[in-house]
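The values are calculated or read from the model by the stated rules, or taken from the named source; none is laboratory data. Just so it is clear, the structure is predicted and the values come from calculations on it, not from any experiment. Note that each Cβ is placed from the backbone with ideal geometry, even for glycine, and that neighbours are counted across all protein chains shown. For accessibility, only protein heavy atoms count, side chains too; no ligands or nucleic acids. Shrake-Rupley method; radii C 1.70, N 1.55, O 1.52, S 1.80 Å.
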Amino acid sequence: MTLTQTIGQLLKNPTRLPKNIIWRFPKSKSHQRHIFVFGAPRTGTTLMKLILGVHPNLTGPGYETGIFMYKELFSIPFSEITKSEIEDIQKQSQDIVDYFDRLAECTLKKVGGTRFIEKTPPHVLRIDFLAKYFPNAQFINMYRDGRDCYCSARNHVNVVQGKSIERYAKYWKKCVDARLNQGNNPNILDIKYEELTLDPEAVVKQVMNFLEEDYHPIQLDPNQYSQNTITNSKRPEFAQLSKPINSSRINRYKQELTPEKINKFNQIAGNQLKEIGYEV
C-alpha cells in the first residue's frame, strides 16, 4: 500500500485517527509464542506459511494482515472472526500488541490450534518492533536470490516494487539489511528458498525443531498445503503452490534476465547477495 493510499484510508475514518496513531506506541508486551513469517517479496513466505498451516497446532489467516505496517488498523478483516467480534475486541484492547494477541486468541478458539501464524512479507521491515514487543515469538525469515525474486515479482500485480529492476533491487536490499541488523537473534531462523525446494523434508524438520513442534509428513503433501484461500484463488502467480515442492525456479534469472539487468541488480544489492551466500 502506498503512502497516498494509506493517508486516504485513514481520512475516510477520521474519528479513528487518534487511536491509529496512539496504538502504534504500545505500553504492553506480548507473552504469546506467535510465529511470524516474513522476507522480501517472492522469497517463499507463502509456501512456508502453507506448510506450517498443515500442522495441527498451528493456525493463521489465509492471507496477509499487514497489521504492523502503516495502515488503517481497524479496517483489517479477519475472515475467521465476525465483524461484531472484531469490534468487541477493539473495545477491549489497549494497543496494537494487545489487539493482535486478542485477535490471535479468538482465531485459535474458533479454528483450533495452540499457536498463531502471521505471514506478511514486509513485516521484515518491522522486525525491530516485533522483536521488542513480542519477545516470546519466533520469526522465520525467508531468503532467496534477489534476482530470482525479481523475475517472479515483475509479473505479480501486488508487488509494486517489481515494476523495475532498480526499484526491486533497492527494496530487496532494504529487507535483507533489516534482517541482518538484528544479528544473531536466537528467536529468528533464516531459511533459504533454494534449500527448502532442494530438500524440503530436511528443511521443514529444521523449522519444526526450531519451533519445538513435531514434524508431520503431511506438511509436505501438496493436497494438504494447497487447501488454502490463496491457492483456491487460482491466480497464476500462486500456481506453483498447488504442485509438489520442486527446485525448477532456482537460478531462473540466468535465462530470463539480460546481462545488463543482472549487472544492474548486482550493482545495487551485490553486497547483500554475497553476505547471505549468493554468487555474484
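Within the stretch 157-216, the proportion of C-alpha pairs whose separation exceeds 14 Å stands at 69%. Please report the carbon-and-sulfur percent of the accessible area for the stretch 15-102; probe 1.4 Å, protein heavy atoms only, DNA, RNA and ligands left out. Percent of accessible area from carbon and sulfur atoms in the stretch 15-102: 54. If you take the Cα centroid of the stretch 12-72 and the Cα centroid of the stretch 153-227, the two points sit 16 Å apart.
With the highest mean first, a sort of the peptides 82-93, 119-130, 190-201 on other beta-carbon atoms found within 10 angstrom per residue produces 119-130, 190-201, 82-93.
Using a simple spin-label model with pseudo-atoms 7 Å out from Cα toward Cβ, Lys132 and Glu195 lie 3.0 nm apart.
In whole angstrom, the stretch 21-162 maps to an equivalent ellipsoid with semi-axes of 25, 17, 15, each derived as √(5λ) from the alpha carbon gyration tensor and ordered largest first. Given their separation in residues at 0.36 nm each and the Cα-Cα distance between them, Thr15 and Ser75 gain 20.3 nm when the chain is fully extended. Partners of Lys132 within straight-line reach, counting lysines whose Cα lies under 16 Å from its Cα and excluding those fewer than 8 residues away in the same chain: Lys27, Lys29. Taking every protein chain into account, the accessible area of the chain amounts to 49 square angstrom per residue (probe 1.4 Å). Per-peptide packing, taken as the mean over residues of other Cβ atoms within 10 Å, places 36-49, 213-226 in the sequence 36-49, 213-226 from highest down. Just so you know, the Cα atoms of the chain work out to an Rg and Dmax of 18.7, 56 Å. Among 142-152, 156-166, sorting by the average number of other beta carbon atoms lying within 10 angstrom of each residue, highest first, gives 142-152, 156-166. The mean sequence distance of close C-alpha pairs (under 8 Å, at least 6 residues apart), as a share of the length of the chain, puts its relative contact order at 24 percent.
Near Lys192, once Lys and Arg are set to +1 and Asp and Glu to -1 for all other residues with Cβ below 10 Å from its Cβ, the sum equals -3.
Within the straight-line cut-off of under 22 Å between alpha carbons, the lysines reachable from Lys110 are Lys49, Lys83, Lys91, Lys119, sequence neighbours fewer than 8 places apart in one chain being disregarded.
Its DSSP H runs of at least 4 residues, each contributing -39,500 (n - 2.57), put the calculated 222 nm mean residue ellipticity of the chain at -13000 deg cm²/dmol, to the nearest 500.
All Cα-Cα distances of the stretch 94-228, cut into 10 Å bins from zero to the largest, leave 10, 32, 38, 19, 1 percent in each bin in turn.
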